[in-house]
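These notes are about the structure you will find just below.
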Amino acid sequence: FVNTQRANPSIKTVSRFFEYKTWTDQIWRTEIIENGNAFFHWQGHDRKNGHRDTIINYLLNGQRWQSTIDDYIFFHALEGKMLQGYYDNSIEYMSSDNYVYQSVFVEYITDQIHQRAPYGTRF
């Protein structure tokens, strides 16, 4: 992901995960797994006790949002109300520093791994 702070777009990070506030104000991290079809969530730095999931519940502008993911495309629904949802290739959320961030997919390349996100930017 490229994670960009919306209040100051010059603040960006590149990471395999993003950190967000849940509906209960807890801080969790998530990355996308299974070729863009599921999430892997963990709390704080405790990745070894994380879990696979098909939804993410997060806060944005004081509202409770729920998203699913399919082939690297998010489906966002306010309070999980699917009939009022929309598709997008990015996600905006409240992060642990109480700022809104937007995360978009990028192509992630290391010496050993080459993973491609559709419509991503190569880094």
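General observations
- Highest to lowest packing among 40-47, 27-34, 96-103, scored as the average C-beta count within 10 Å: 27-34, 96-103, 40-47
- Using R0 = 30 Å, the C-beta based FRET efficiency linking residue 71 and residue 100 works out to 0.75.
- Residue exposure sequence - 12, 81 - by fewest surrounding Cβ within 10 Å: 81, 12
- Set against the labelled values (i) 7.7; (ii) 8.3; (iii) 7.0, mean projected area of the Cα convex hull in nm² computed from this structure falls on (i).
- Lysines whose Cα lies under 29 Å from that of residue 12, excluding same-chain neighbours fewer than 8 positions away: 21, 48
- Potential lengthening between residue 43 and residue 78 on full extension [0.36 nm per residue; Cα-Cα distance subtracted]: 10.3 nm
- Length gained when the stretch residue 51-residue 26 is fully extended (0.36 nm per residue, less Cα-Cα span): 7.4 nm
A short reminder: the numbers here are calculations on the coordinates, not readings from a lab. Computed from a predicted structure; not experimentally measured. Cβ sites come from the backbone with ideal geometry, for glycine too, and all protein chains shown count toward neighbours.
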